[in-house]
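Please read the structure below before turning to the comments.
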Amino acid sequence: MTRYRVWHRTAYTYSGPVEDSVGRFHLTPRVLPWQEVADSQVSVQPSPGDINADADYFGNAVTYFHVTEPHQALTIECTSEVTVHEPLYDPVGLARPWEHARPLAHPDTPHAWQAAEYALESPRVRHVEAATAYGAQSLAPGRPIGEAATDLMQRIFRDFSYDSTATTVTSTVADAMAARAGVCQDFAHVALACLRAHGVAARYVSGYLATQPPPGKERVFGADASHAWLAVWLPGTDQWLAIDPTNDQWANDRYVTVAWGRDYGDVSPVKGIIYTEAEKSTLRVSVDVAPLTD
């Protein structure tokens, strides 16, 4: 069990006045059986004419806002205090054959109806031929779902290079498969495509991974980043095995879960529309995930 203070700041600046900003953000961590949220505060500057906290379709905490006064800068901050426990999984669910993790093929399996939509294509997770073939190598007939998902995670970690210049936020699964490189968002999308193409239910997860400074170095405030991984349905249970192909490990108590959905498009940290004649804008994101002690 570990307690964290999570701070996330998104700052936009514009070359000219913005007349109107409408947006939403997923920055408040979810309350989960293994994650407690003691406090979470959000702020938007300039002060919005309208701001509303709600839950989205997937049950994530989401905040909608509308800034109506002219501005050349927009800042969104969220500070949360979160306690995370290492998830525990049902060994029976982990041991079931991966074929049983296909809710559309086994609709009578308990909780299959909740998992069904995560077995389908989504806008950013297309079932491209390269991903289908790559996933098949981990999905041997009768192989336990926990073992198959872990093998896929390990193979992506080995076969793909972490390279922030290889892809962009709009890159596709096909792009990442061709480059064999990308960032955490790409690796999660690739793994989802590999599984969903074979009918396995899996969802995209957005949040934070608490990092540790190199030996002898102090923590640098604001040097962390948002992170992405995926969770695979364990058939016959309401549990999802969270795996991280970027770091080759199951998610543990260093992972703070903010939101989940079909892909990045459902849970992007900040999304919105501005009305302006400004030709240029800049974006700066700062994140800090600090362990707390009593």
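The values are calculated or read from the model by the stated rules, or taken from the named source; none is laboratory data. Source: prediction; values computed, not measured. For neighbour counting, all protein chains shown are included, and Cβ atoms are generated from backbone atoms with ideal geometry for every residue, glycine included.
Some points to look at:
- Selection within region 150-176: residues that are in contact with a Ser or Thr (Cβ under 8 Å, 6 or more places away or on another chain) and assigned to a helix (DSSP H, G or I). The member of this set that is nearest to residue 189 (Cα to Cα) is 176.
- Selection within region 264-294 - of a type in the set (Val, Ile, Thr), over 18 Å from the mean Cα position of the chain (by Cα) and farther than 14 Å from residue 18 by Cβ: 293
- Put simply, of 112, 136, 105, 149 the only residue that is surrounded by fewer than 16 Cβ atoms within 10 Å (Cβ to Cβ), in contact (Cβ under 8 Å) with a residue 60 or more places away in the chain, in the same structural domain as residue 174 (by TED's automatic domain parsing) and under 16 Å from residue 235 (Cα atoms) is 105.
- Residue match in region 256-266 (condition: over 22 Å from residue 183 (Cβ atoms), touching a strand residue (DSSP E or B) at 6+ places or on another chain (Cβ under 7 Å) and of a type in the set (Asp, Glu)): no
- Between 232, 267, the distinction of being of a type in the set (A, V, I, L, M, F, W, C) and either more than 24 Å from residue 99 (Cβ to Cβ) or surrounded by fewer than 20 Cβ atoms within 10 Å (Cβ to Cβ) (or both) belongs to 267 only.
- Which numbered condition residue 168 fails, given (1) out of contact with any strand residue (DSSP E or B) (no Cβ under 6 Å at 6 or more places or on another chain); (2) surrounded by 13 or more Cβ atoms within 10 Å (Cβ to Cβ); (3) of a type in the set (Ser, Thr, Tyr): (2)
- Listed by position, the strands (runs of 3 or more DSSP E) enclosed by region 11-88 that each have at least 3 residues that are out of contact with any Ser or Thr (no Cβ under 6 Å at 6 or more places or on another chain) and surrounded by fewer than 19 Cβ atoms within 10 Å (Cβ to Cβ) are 35-45, 50-55, 71-84.
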